[in-house]
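A short worksheet on the structure shown next.
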Amino acid sequence: MLGRTEGIVLRSRPLGEADLIVEYLTRDFGIRPAFAKSPRKIKSRFGGSLEPFTHARISLLGREDANLPRLTQSDIIRPFQILRENSGGFVQACGLAGLVLKLLPERETAGAAGTFELLLWGLDGLEKQPGSAFVPLVFKLRVLALAGYAPSLNGCARCGRQSEIFCFYPRDGAILCENCKKDGPAIKISAALKGLHKSLSEFPLDKLARIKPGEALLSELRAFVDMHFREGANIALKPARPV
Ligand SMILES: [Zn+2]
């Protein structure tokens with residue numbers, strides 16, 4: 001018996017003539033695909049609540065270990081319709097949902113509530129500011145940490161010292177100072193970048209707008225997060241599931 005929770009529609013796919021499999025990020029049960037009976041028929045009781053990114057109060061019926069619980073109720077809390085109708089914002093939102101699907105194993109409840117809040121924050125930010133470069137970057141940085149892939153940036157991983165410049169080794173997920181640096185793929189990061197990464201990782205979501213980094217530092221951070229994602233975290237990511 002799963003019961004009631006809040007869910008955000010990550011994606012859906014048709015099943016047979018009139019049914020739908022809706023993949024949710026739920027606050028309480030993690031990522032859960034659910035079976036929706038006949039939502040594609042006219043006058044479905046689900047209305048528009050199964051559209052991508054809809055935030056809804058839902059009821060799932062089935063055993064805790066059920067592969068495909070049944071969706072019995074879905075009431076819209078926030079439709080994110082404006083976001084869906086903006087093509088650029090929609091593509092960006094698909095990117096956030098794709099990261100969640102890639103990083104959070106299905107049915108994993110640890111970190112689910114935090115990821116849920118983060119996704120709501122991201123969708124809200126993209127609806128208000130479609131095209132924002134800041135929102136997807138912060139989302140990526142924080143969802144990596146929630147999934148257990150936070151880089152270790154506290155100090156040199158070998159001698160523990162602080163320094164103005166570090167080399168980040170994505171395959172180790174750690175930094176080394178100028179004295180300890182070694183061969184291998186690495187990216188230089190400054191103390192300022194390290195500070196920005198810390199602030200963006202730790203600030204409460206509703207206060208993130210107060211951080212206004214300069215464009216140069218922001219693109220430095222983007223390069224760093226992308227490299228960490230591509231060459232570090234990506235190694236251990238769960239294999240993609242067929243849609
Ligand atoms: Zn060192």
Residue under evaluation C156, criteria (1) of a type outside the set (D, E, K, R); (2) within 16 Å of the ligand (Cβ to nearest atom); (3) surrounded by 19 or more Cβ atoms within 10 Å (Cβ to Cβ); (4) under 30 Å from L25 (Cα atoms), criterion not met
(4)
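Can we say D183 is among the acidic types (D, E) and either part of a helix (DSSP H, G or I) or farther than 23 Å from L99 by Cα (or both)? Walk me through how you get there before you give the answer.
Values: among the acidic types (D, E): yes; either part of a helix (DSSP H, G or I) or farther than 23 Å from L99 by Cα (or both): yes.
In short, yes.
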List pairs: first in segment 159-177 and without any contact (Cβ under 8 Å) to a residue 60 or more places away in the chain and in the same structural domain as L221 (by TED's automatic domain parsing), second within 9 Å of the ligand (Cβ to nearest atom) and hydroxyl-bearing (S, T, Y), Cβ under 7 Å, 6+ apart or cross-chain?
C177/S163
Go through segment 2-18 and count every residue that is in contact with a strand residue (DSSP E or B) (Cβ under 8 Å, 6 or more places away or on another chain) and surrounded by fewer than 16 Cβ atoms within 10 Å (Cβ to Cβ).
5
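The values are calculated or read from the model by the stated rules, or taken from the named source; none is laboratory data. The structure displayed is predicted, hence computed values, not measured ones. All Cβ positions, glycine included, derive from the backbone under ideal geometry; neighbour counts span all protein chains shown.
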